[in-house]
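The values are calculated or read from the model by the stated rules, or taken from the named source; none is laboratory data. Small disclaimer: the values here were computed from a predicted structure and weren't measured. Reconstructed Cβ throughout: ideal geometry from the backbone, glycine too, with neighbour counts over all protein chains shown.
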């Protein structure tokens, strides 16, 4: 599912237009909402409405350390092909679709109130975030993330 259109979201201190955010700003906003334990805000920046257990009750804080774009074209191609499993790959169409996919590696640190409760413990971690857009006029949204 890909969300399109202009969504304006009012955070506690800043109003922004999701359609105008760069991919890096989308990730920064996602982590800001995560730290605020704001699932609704997080969902405005993703393609899927995440029903994951975010461990908000146990979260003390989460903070971005570094956001670096993955410029390896092959990783974008792999993502597109995974989304089209079982379909014939149109190489010409794929070339144009590549401009609507970007990948970032994000280093962050998380602190939980109690250790050993969730899938990970407090400390530094690194995830890869894939962002997509429908076309040049659509907003960037987080499509997938993980190790």
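Considering 26, 18, 109, 64, the condition of being under 14 Å from residue 131 (Cα atoms) and either at pLDDT 95 or above or touching a helix residue (DSSP H, G or I) at 6+ places or on another chain (Cβ under 7 Å) (or both) is satisfied by 26 alone. For region 95-120, the tally of residues that are under 17 Å from residue 52 (Cα atoms) and not in a strand (DSSP E or B) stands at 4. Scanning region 108-138 for residues that are within 13 Å of the chain's Cα centre (by Cα) and touching a residue at least 24 places away in the same chain (Cβ under 8 Å) gives 128, 129, 130, 131, 132, 133. Here residue 53 meets each of (1) surrounded by 12 or more Cβ atoms within 10 Å (Cβ to Cβ); (2) modelled with pLDDT of 70 or more; (3) outside any helix (DSSP H, G or I) with one exception, condition (1).
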